[in-house]
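Peer 1: There's a structure below that I have some questions on.
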Amino acid sequence: MDISDLTALSQKPKLFERSSAKLWDDLHLSKMMLEAHLDPDWDAASRKFSTIDASVKWLSEDIFPQKNINILDLGCGPGLYASRLAKLGYSVTGIDYSQRSINYAREVAREENLKIKYIYQDYLTIDFEPEFDVIMLIFCDFGALTNEERDVLLKKIYNALKPGGLFIFDVFTDRNRDESDLGRRWEVSNNGFWSAEPYLALTETFLYPEDDTFLDQTIVITKADTNIYRIYDHFYTKTTISNVLNKFGYSEHKYYSDVTGAKYREESKELAVITKK
Ligand SMILES: C[S@@+](CC[C@H](N)C(=O)[O-])C[C@H]1O[C@@H](n2cnc3c(N)ncnc32)[C@H](O)[C@@H]1O
């Protein structure tokens, strides 16, 4: 590449400017992501299996114990929550726009004879009637959305919930990161996370304090091309998230420190929210 192009590429972008390439549905990256999802002991693309088990236990025993309900899992990945919930007797629909994850999830459902409907779709384009008792969006994906996407999604979720239905999700809080995370890192690899080809990856973390948002921006340079990946992390507090939810008609918000139902603590790095239509 022309090195002088790097000066322009490495500038702090406008808030919510998007990546130049797909992150979750790229042929190579989706393979790396699926490996991360399926690592039982790694809190990476999915949480550790022990945490997922604890979440499903809490949700199914304390939050929605009645089994004859419809659950929609947005960004279901390879179906780690969907298959556990289906085994407990719930009717589950999972949506994800990683073709690789959806293929894997469908295969597991076929092998284990689980009646789960998996849909390969961008969840920002869903258009359901009020047919779900519970809608979940797990592992802090809510904070990766632009404000506009978040608002679109909150309206769509509200429309898809039955009256009294629950929206369950989690976000990172203002305690998860601070200014010590800002700065630059680099990585060189012959075949690593970012590409199956030799690459140089230049990562910089930026903060947009006016919108409570961090950005991890990675420029990936291979012999053939240069791509830029931007992963946003809009962090929330109880107050900021409840202000957003109130605007869209949600009510009776309940807060926990995580999706295993741990009691809310001021210093928690994550915030799990259960809110009602
Ligand atoms: C951090 S992973 C979490 C996966 C799953 N919820 C879990 O905890 O095991 C985020 C997932 O959301 C999916 N995803 C992100 N944005 C999406 C969108 N707009 N539409 C559909 N799926 C999306 C990704 O493909 C990925 O599988």
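The values are calculated or read from the model by the stated rules, or taken from the named source; none is laboratory data. From a predicted model like this one, the values you see are computed outputs, not experimental measurements. Cβ: placed from backbone, ideal geometry, glycine included. Neighbour counts: every protein chain shown.
Peer 1: When you look at Ala45, is it within 13 Å of the ligand (Cβ to nearest atom), under 22 Å from Leu145 (Cβ atoms) and buried (at least 20 other Cβ atoms within 10 Å of the Cβ), yes or no? Reasoning before the result, please.
Peer 2: Details: within 13 Å of the ligand (Cβ to nearest atom): yes; under 22 Å from Leu145 (Cβ atoms): yes; buried (at least 20 other Cβ atoms within 10 Å of the Cβ): yes.
The answer is yes for Ala45.
Peer 1: I need a count of the residues in segment 63-89 that are in a helix (DSSP H, G or I), within 18 Å of Gly165 (Cβ to Cβ) and either over 23 Å from the mean Cα position of the chain (by Cα) or within 14 Å of the ligand (Cβ to nearest atom) (or both). Talk me through it step by step, then tell me what you get.
Peer 2: Start the filter on segment 63-89 by keeping residues that are in a helix (DSSP H, G or I), which leaves 63, 80-87.
Retained after the next criterion (residues that are within 18 Å of Gly165 (Cβ to Cβ)): 63, 81-82, 85.
Filter once more, keeping what is either over 23 Å from the mean Cα position of the chain (by Cα) or within 14 Å of the ligand (Cβ to nearest atom) (or both): 81-82, 85.
Number of matching residues: 3.
Peer 1: Can I ask one more? Name the residues in segment 145-154 that are under 13 Å from the mean Cα position of the chain (by Cα) and more than 10 Å from the ligand (Cβ to nearest atom), would you?
Peer 2: Thr146, Arg150
Peer 1: Same structure, new question: Contact list please: Cβ distance under 6 Å, first residue in segment 77-88 and in contact (Cβ under 8 Å) with a residue 12 or more places away in the chain, second residue among the hydroxyl-bearing types (Ser, Thr, Tyr), pairs at least six apart or on different chains.
Peer 2: Gly77/Ser46; Gly77/Ser101; Pro78/Ser101; Pro78/Tyr104; Leu80/Ser46; Leu88/Ser60
Peer 1: Here's another thing I want to ask about it. Quick one: Ser20 ticks every box in (1) more than 14 Å from the ligand (Cβ to nearest atom); (2) modelled with pLDDT of 95 or more; (3) hydroxyl-bearing (Ser, Thr, Tyr); (4) touching a strand residue (DSSP E or B) at 6+ places or on another chain (Cβ under 6 Å) except a single one, so which number is it?
Peer 2: (2)
Peer 1: Just to be sure I understand, how many residues within segment 109-144 are in a loop (DSSP other than H, G, I, E, B), near the ligand (Cβ under 8 Å from one of its atoms) and of a type in the set (A, V, I, L, M)? Let's see the steps before the verdict.
Peer 2: Step one: list which residues in segment 109-144 are in a loop (DSSP other than H, G, I, E, B), which gives 112-115, 121-122, 126-131, 138-140.
So of that shortlist, the ones also near the ligand (Cβ under 8 Å from one of its atoms) come out as 121-122, 138-140.
Adding the requirement that they be of a type in the set (A, V, I, L, M) leaves 138.
Total satisfying the criteria: 1.
Peer 1: Got a number for residues in segment 228-277 being assigned to a strand (DSSP E or B) and of a type outside the set (S, T, N, Q)?
Peer 2: Restricting attention to segment 228-277, the residues satisfying the condition of being assigned to a strand (DSSP E or B) are 228-234, 236, 251-256, 263, 270-276.
From what is left, the residues that are of a type outside the set (S, T, N, Q) are 228-234, 236, 252-256, 263, 270-274, 276.
Qualifying residue count, segment 228-277: 20.
Peer 1: Looking for whichever is touching a Cys at 6+ places or on another chain (Cβ under 8 Å) and aromatic (Phe, Trp, Tyr) here; the options are Tyr123, Tyr118, Tyr90. Which one fits? Talk me through it step by step, then tell me what you get.
Peer 2: Values: Tyr123 fails: touching a Cys at 6+ places or on another chain (Cβ under 8 Å); Tyr90 fails: touching a Cys at 6+ places or on another chain (Cβ under 8 Å).
Unique residue meeting the criteria: Tyr118.
Peer 1: Is it the case that some residue within segment 93-103 is away from the ligand (no atom under 12 Å from the Cβ), modelled with pLDDT of 95 or more and of a type in the set (A, V, I, L, M)?
Peer 2: Within segment 93-103 (the criterion being away from the ligand (no atom under 12 Å from the Cβ), modelled with pLDDT of 95 or more and of a type in the set (A, V, I, L, M)), the answer is no, since none of the residues qualifies.
Peer 1: Further question: If I ask for residues that are acidic (Asp, Glu), in contact (Cβ under 8 Å) with a residue 12 or more places away in the chain and not in a helix (DSSP H, G or I), which ones from segment 202-227 would you list?
Peer 2: Glu204, Asp212, Asp216
Peer 1: I need the full set of residues from segment 97-126 which are charged (D, E, K, R) and either over 17 Å from the mean Cα position of the chain (by Cα) or not assigned by TED's automatic domain parsing to the domain that holds Leu153 (or both), in order please. Lay out the reasoning, then the answer.
Peer 2: Taking segment 97-126 and keeping what is charged (D, E, K, R), we get 100, 106-107, 110-112, 115, 117, 122.
Correct list: Arg106, Glu107, Arg110, Glu111, Glu112, Lys115, Lys117.
Peer 1: While we're looking at this one, here's another question. Just need a number here: residues in segment 167-190 that are without any contact (Cβ under 8 Å) to a residue 40 or more places away in the chain and either in a strand (DSSP E or B) or aromatic (Phe, Trp, Tyr) (or both).
Peer 2: To start, the set of residues in segment 167-190 that are without any contact (Cβ under 8 Å) to a residue 40 or more places away in the chain comprises 178-190.
Among the residues that remain, those that are also either in a strand (DSSP E or B) or aromatic (Phe, Trp, Tyr) (or both) are: 183-189.
Qualifying residue count, segment 167-190: 7.
Peer 1: Quick one: which of Glu210, Glu252, Glu204 is surrounded by fewer than 20 Cβ atoms within 10 Å (Cβ to Cβ) and within 22 Å of the chain's Cα centre (by Cα)?
Peer 2: Working: Glu210 fails: within 22 Å of the chain's Cα centre (by Cα); Glu252 fails: within 22 Å of the chain's Cα centre (by Cα).
Every option except Glu204 fails the conditions.
Peer 1: Ser10 fails exactly one of the following numbered conditions: (1) at pLDDT 95 or above; (2) surrounded by fewer than 17 Cβ atoms within 10 Å (Cβ to Cβ); (3) not assigned by TED's automatic domain parsing to the domain that holds Met136. What is the number of that condition?
Peer 2: Just one mismatch for Ser10, condition (1).
Peer 1: Return the pairs, sorted by first residue and then second, in which the second residue is modelled with pLDDT of 95 or more and within 6 Å of the ligand (Cβ to nearest atom), the first residue lies in segment 90-101 and is assigned to a helix (DSSP H, G or I), the beta carbons are less than 7 Å apart, and the residues are 6+ apart or on different chains.
Peer 2: If the second residue must be modelled with pLDDT of 95 or more and within 6 Å of the ligand (Cβ to nearest atom), the pairs left are Ser101/Gly77.
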